[in-house]
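Values quoted throughout were computed directly from the atomic coordinates according to the rules given, and no laboratory measurement underlies them. Please read these numbers as outputs of a predicted model, since none were measured by experiment. Please note: Cβ atoms are built from the backbone with ideal geometry, for glycine as well, and neighbour counts cover all protein chains shown.
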Amino acid sequence: MDYLDQSLGQLARRIPGATRLFDQHHLDFCCAGNRTLRTAAQDLGIAAEPIAAELQALQQRTEAGAAQDWSAATDTELVDHILARYHAVHREQLPELIRLARKVEQVHGERADCPHGLADHLEAMAQELESHMRKEEAVLFPMFARGQGRMAGMPIGVMRAEHDSHGAELRRLAELTNDIAAPQGACTTWRALYAGLRTFREDLMAHIHTENNILFERFAPAQVH
């Protein structure tokens, strides 16, 4: 893909994490989203090529995470994958999504289709998800590393229950955003927010699937109802 000659608005909508990158470089992807990355960078007097390289890395990371079958990986490989592909990525995603949601609510709060309460909901999700990931990192994953996975039935049960809560929070997210469908006339920031929300939802669902159905099943198979 020729990132340099794509518009900022297109890149913001298509590449998860692009809005955070643009904000770091003070590139206006909303009001001036029709400018190419090359032109916008030139206007600011900054080099566009390193930004294009970062965009490429963001896109490749997303594509790579979706491509591999992790069921044959070792326990250590699987934990390392979860930490890098999901824990680290959620910690990048949520602050940016909260920032965009606050901006949309502040600018478009008078609209009936504005996602009122979305930023607060995302903040609550971020706090709960951070607590969940820290427990995995501090307690559960070290047990796997020490070969004590067969003794981890109780913490695995707690993590599975918290995954159910994350699922309920995703359903509430869908209610607040018309199933993450941007309304007609939505600005670039609004569309970028919803693109990011769709990616976050896909990532969180893949995260939960990888733990519940692959990693946890190795040590504490779920009861089939």
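Specify whether the C-alpha gyration tensor of segment 5-52 places it in the rounded, prolate or oblate class, a ≥ b ≥ c being the square roots of the eigenvalues: rounded for a/c under 1.5, otherwise prolate if a/b is larger than b/c and oblate if not. Write out the running numbers ahead of the final one.
Working: a/c = 1.45, a/b = 1.26, b/c = 1.15.
Rounded.
Only Lys, Arg, Asp and Glu carry charge here, each on its Cβ (+1 for the first two, -1 for the last two); on that basis the chain has a dipole of about 80 debye about its Cα centre.
Between Arg134 and Thr39, the distance separating the two model label sites (each 7 Å from Cα on the Cα→Cβ line) works out to 4.6 nm. Residues considered: Asp69, Asp203, Asp179. Largest GNM mean-square fluctuation over the chain, using C-alpha springs under 10 Å, is found at Asp69. Applying 1/(1 + (r/R0)^6) with r as the Cβ-Cβ distance of Val107 and Gln184 and R0 = 22 angstrom yields a FRET efficiency of 0.85.
Within the shell of other residues whose beta carbon sits under 12 angstrom from the beta carbon of Ala52, the net charge comes to -3, with Lys and Arg scored +1 and Asp and Glu -1. Phi-derived couplings, Karplus 6.51 cos²θ - 1.76 cosθ + 1.60 at θ = phi - 60°, listed residue by residue for segment 200-216: 4, 4, 4, 5, 5, 5, 5, 4, 5, 4, 4, 6, 4, 9, 10, 5, 5 Hz, with x used for Gly and Pro. For segment 26-111, applying the loop criterion from DSSP together with a ceiling of 12 other beta carbons within 10 Å to the GluC sites (Glu not before Pro) yields Glu110.
In terms of the mean number of neighbouring beta-carbon atoms within 10 Å, the peptides 12-25, 161-174 order highest first as 12-25, 161-174.
Structure remark: mean-square fluctuation, Gaussian network model of the chain, C-alpha springs under 10 Å; the largest value among Ala119, Ala182, Ala84 belongs to Ala84.
One chain, two ends: Arg198 and Arg160. Fully extended at 0.36 nm per residue, the span grows by 11.4 nm beyond their Cα-Cα distance. Among Leu44, Leu204, Leu97, the largest mean-square fluctuation in a Gaussian network model of the chain (Cα springs under 10 Å) belongs to Leu44.
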